[in-house]
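Participant: I'd like to ask some things about the structure below.
Bear in mind that the values in this text are calculations on the coordinates, not laboratory data. For clarity, every value in this text was computed on a predicted model and none was experimentally measured. Positions of Cβ are backbone-derived with ideal geometry, glycine not excepted, and every protein chain shown enters the neighbour counts.
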Amino acid sequence: EEYVASERRWVSVPDMPRAVNGAAAVVLEGRLLVIGGDDKYGELLSAVLEYNPGDRSWRELPSLLTARGAYCGVAVLGADVVVIGEVADGPVTIVVERYNRWSSGKSQ
């Protein structure tokens, strides 16, 4: 659902392209990015989904380089989205998105 503040009400939106649990979310340029999480089997996901409130549509963006779950953090730094934490079988890694392309950052 989406809250339309100007109308003080909730409206229905289309279903996401795939079901996710425990994903992280951040707003970039007025669009909601839903990042990582896990599927119905508990497998970590590398999926990145974008919701555009302008036309109430979803689309899949390029996947993360590393699948991440519920304990990852995300932030917007300028035009970049930084994702850190929660990886399966590996060190904590920073991943930065630039122009819809993910690149590895310095490991912590």
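Participant: Hey, can you rank 19-27, 32-40 by average C-beta count inside 10 Å, highest first?
Facilitator: 32-40, 19-27
Participant: A further question follows. Starting at the first residue of the stretch 39-54, write each ³J(HN,Hα) from the Karplus equation 6.51 cos²θ - 1.76 cosθ + 1.60 with θ = phi - 60°, in whole Hz, x for Gly and Pro.
Facilitator: 8, 5, 9, x, 7, 5, 10, 9, 5, 10, 10, 10, 10, 9, x, x
Participant: Mark the label point 7 Å from the Cα of W10 along Cα→Cβ and return the residues of the stretch 39-74 whose backbone N is within less than 15 Å of it.
Facilitator: Counting backbone N atoms under 15 Å from the label point, the list is empty.
Participant: Please rank Y3, Y41, Y51, fewest neighbouring Cβ atoms within 10 Å first, as an exposure proxy. Don't skip to the answer; put the middle values down first.
Facilitator: On the way: Y3 9, Y41 5, Y51 19.
The fewest-first ordering by Cβ neighbours comes to Y41, Y3, Y51.
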